[in-house]
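Notes to accompany the following structure.
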Amino acid sequence: MTEAPIHPLWLRLTHWLNALAVLVMVGSGWQIYNATPLFGFRFDRAITLGGWLAGGIQWHFAAMWLLAGNGVVYLLCNIGSGRLWRKFFPLSPRALLADLGAALRGHMSHADLHRYNSVQRAAYLFVMVDSILLVLSGLVLWKSVQFPLLRELLGGYEAARRVHFFAMAGLVGFVAVHLVMVALVPRTLLAMLRGR
Ligand code: HEM
């Protein structure tokens, strides 16, 4: 009998489609930001996508369907299969601090790839919630008149721009740490590619 994979096929597919969507959304988002910067800086052209404002908007609007649709499939499969509760809970502040302390001292608990430690659980839950916030604030920026309740919940259009920006910064921060962790424990990458 073949052993159940560490990461089921649907998870690996949605993970890699998500990574592609995030890359396009961030690069094109920085292009759009550069046209009317919220803060006193612009992103270097070399790390933006689309060439100019309209090009950036086209990439952003194309990839948003992939990001949102793929995210809904991931969440439905994760919740429907009971995997969300199994993999990411329980999660207590005490366990989180203990695992964080161990990780900072270089003792990462990665022995069993079937289990996420508390730092991984918290980081992955954070990026799920953060991505939902990115999509919701993006909806307000895209169709502010059609989503008045959402707009007011986020504090109005201008506040939604800031929410969108800081949620992007949170996502980029997550990805940076995520890539360092993958580089430190490369066998996790094999599992996310091949399932085992
Ligand atoms: C670009 C945006 C990315 C996001 C938002 C993201 C998000 C996530 C999330 C939420 C998980 C946990 C999934 C679950 O078990 O349900 C995960 C796992 C994983 N991701 Fe990513 N990821 C991204 C990019 C990448 C990239 C570029 C790589 C590799 C080069 C990568 C490698 C992995 C690996 C190896 C795991 C399994 C980690 C482990 O077993 O500890 N991810 N990712």
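Quick notes on this structure:
- Residue list for region 3-27, restricted to those being open to solvent by 40 Å² or more (accessible area, probe 1.4 Å) and not in a helix (DSSP H, G or I): Glu3, Ala4, Pro5
- Close pairs (9 angstrom Cβ cut-off, 6 or more residues apart or separate chains): closer than 19 Å to Leu134 by Cβ in region 1-23, charged (D, E, K, R) anywhere: none
- Between Trp30, Trp59, the distinction of being in contact with a Gly (Cβ under 6 Å, 6 or more places away or on another chain) and either β-branched (Val, Ile, Thr) or within 18 Å of Leu134 (Cβ to Cβ) (or both) belongs to Trp59 only.
- Members of region 64-85 found to be within 12 Å of the ligand (Cβ to nearest atom) and closer than 17 Å to Trp142 by Cα, listed by number: Leu67
- As a summary of the residue check, Arg162 satisfies the conditions (1) in contact with a helix residue (DSSP H, G or I) (Cβ under 7 Å, 6 or more places away or on another chain); (2) touching a residue at least 40 places away in the same chain (Cβ under 8 Å); (3) over 20 Å from Ala68 (Cβ atoms) except for the one numbered (1).
- Among (1) assigned to a helix (DSSP H, G or I); (2) modelled with pLDDT under 95 - the single one His110 does not satisfy: (1)
- Listing of helices (runs of 4 or more DSSP H) fully contained in region 120-196 that carry 2 or more residues being within 16 Å of the ligand (Cβ to nearest atom) and exposed (fewer than 15 other Cβ atoms within 10 Å of the Cβ): 157-184, 187-194
- Matching residues in region 53-73 - criterion: being open to solvent by 40 Å² or more (accessible area, probe 1.4 Å) and not aliphatic (A, V, I, L, M): Gln58, Trp59, Phe61, Trp65
- Test: Pro37 is within 19 Å of Tyr124 (Cβ to Cβ) and more than 22 Å from the chain's Cα centre (by Cα): no
- Some residue of region 48-57 being in a helix (DSSP H, G or I), among the polar types (S, T, N, Q) and either away from the ligand (no atom under 16 Å from the Cβ) or without any contact (Cβ under 8 Å) to a residue 40 or more places away in the chain (or both): no
The values are calculated or read from the model by the stated rules, or taken from the named source; none is laboratory data. Note that this is a predicted model, so its numbers are computed, not measured. Positions of Cβ are generated from backbone atoms using ideal geometry, with glycine treated the same way; all protein chains shown enter the neighbour counts. Side chains are part of the model used for accessible areas, which takes the heavy atoms of the whole protein and leaves out ligands, DNA and RNA. Shrake-Rupley method; radii C 1.70, N 1.55, O 1.52, S 1.80 Å.
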